[in-house]
1. Return the residues of region 242-258 that are modelled with pLDDT of 95 or more, closer than 18 Å to residue 188 by Cα and more than 19 Å from the chain's Cα centre (by Cα); say none if nothing qualifies.
2. Out of the residues in region 121-151 meeting the condition of being hydrophobic (A, V, I, L, M, F, W, C) and part of a loop (DSSP other than H, G, I, E, B), tell me which one is nearest to residue 100 (Cα to Cα).
3. Give the number of residues within region 54-68 that are at pLDDT 90 or above, assigned to a loop (DSSP other than H, G, I, E, B) and open to solvent by less than 60 Å² (accessible area, probe 1.4 Å).
4. Quick one: in region 157-207, of everything that is of a type in the set (D, E, K, R) and in a strand (DSSP E or B), which residue is most open to solvent (accessible area, probe 1.4 Å)?
5. Quick one: in region 248-275, of everything that is part of a strand (DSSP E or B) and in contact with a Gly (Cβ under 8 Å, 6 or more places away or on another chain), which residue is most open to solvent (accessible area, probe 1.4 Å)?
6. Go through 115, 154, 110, 87 for me and flag whichever is under 15 Å from the mean Cα position of the chain (by Cα) and either of a type outside the set (Lys, Arg) or surrounded by 22 or more Cβ atoms within 10 Å (Cβ to Cβ) (or both).
7. Kindly evaluate residue 216 against the criterion of being out of contact with any Asp or Glu (no Cβ under 8 Å at 6 or more places or on another chain), crowded, with 17+ Cβ neighbours inside 10 Å and on the phi > 0 side of the Ramachandran plot.
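The values are calculated or read from the model by the stated rules, or taken from the named source; none is laboratory data. Just so it is clear, the model here is predicted, and its values are computed rather than measured. We place every Cβ from the backbone using ideal geometry, glycine too, and count neighbours over all the protein chains shown. These area figures cover heavy atoms from the full protein model, side chains too; ligands, DNA and RNA do not enter into them. Shrake-Rupley method; radii C 1.70, N 1.55, O 1.52, S 1.80 Å.
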Amino acid sequence: MVRALWSCALPAVLAGLLPLAACQRVPMNNENQEEEPEEESSGSGDVVVTEGAASDGDEGGFGPEFKCEPGDPTTCPEGQKCSALSTGGAQNKFQCVNDDGAVLPGDECTPSPFTGQDGCSSGAVCLVSDPDAMLGRCLQGCRNDADCDTAKCTQSPFTGTTFCAESCDPLGSSCPQGLVCRQANDRFVCGMAVEIDTGTNGHNCEGGSLRGCAENYACLAGALVPGCASGNCCTNTCDLAVGDAQCVSPSLCRPLFSEPAPGFEGVGACYVPTG
């Protein structure tokens, strides 16, 4: 089911990932967002892009559609729930289906992308964090960040489904099994890794999608990362309160986010400041 979504003929929105992944299984990633539009790395060390987010439109059949509101428990008639279906493409068509919900968000489940009968409670969707996995996890669906309380509305790279990704600490990750602590525009969130997300210090990454770095690493403009031979490279995160000893000279521990989310004011990255 899910594996059928992988193709080298995905829409142009994936073009930025091709230098990293060539013609391997490339994730679908709609980077449009209502509240926080994507921006490229600025060269200041402050990355302000997200891991993919919600959009109202159906761009080429891959953008989310909302015939029900996953963040509203009253969106469907009695006896039905809001779930995300696959109708010949990405699993991001939210609509009301018969309510078989008994599994709470965060618990294991069996994906059912064509019927929505995955056992998850209304608004949650059973999603895999590995395309080969048989079991998934019930994750709260979303249209935008407003549906997620303190989490971020993020898009699955495997199914295109928008879900609420909880914040995580890149200096001591505690994400649920199957999810990894990934860089977003103003924090780190428990997202999904793909095959290319293995880079460490000096390895190239994709600045628009923030793909290519291992868990807890940050993707910065290449000019800031010593030894970088591309436009963007990975570097390790650091605790601003601890200081430069966490970095390899000439890198220094400096702020990662220009406008950090609450609780992320002390998160930095190792790079050579330009100013």
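1. 253, 254, 255 - these are the residues of region 242-258 that are modelled with pLDDT of 95 or more, closer than 18 Å to residue 188 by Cα and more than 19 Å from the chain's Cα centre (by Cα).
2. Only one residue tops the list, namely 135.
3. The qualifying residues number 2.
4. By that ranking, first place goes to 206.
5. Once the filter is applied, the top-ranked residue is 254.
6. 154
7. yes
Yes/no per residue for (1) among the hydrophobic types (A, V, I, L, M, F, W, C); (2) assigned to a strand (DSSP E or B); (3) surrounded by fewer than 23 Cβ atoms within 10 Å (Cβ to Cβ); (4) touching a strand residue (DSSP E or B) at 6+ places or on another chain (Cβ under 7 Å):
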{"residue": "209", "(1), (2), (3), (4)": "no, no, no, no"}
{"residue": "223", "(1), (2), (3), (4)": "yes, no, yes, no"}
{"residue": "227", "(1), (2), (3), (4)": "no, no, yes, no"}
{"residue": "236", "(1), (2), (3), (4)": "no, yes, yes, yes"}
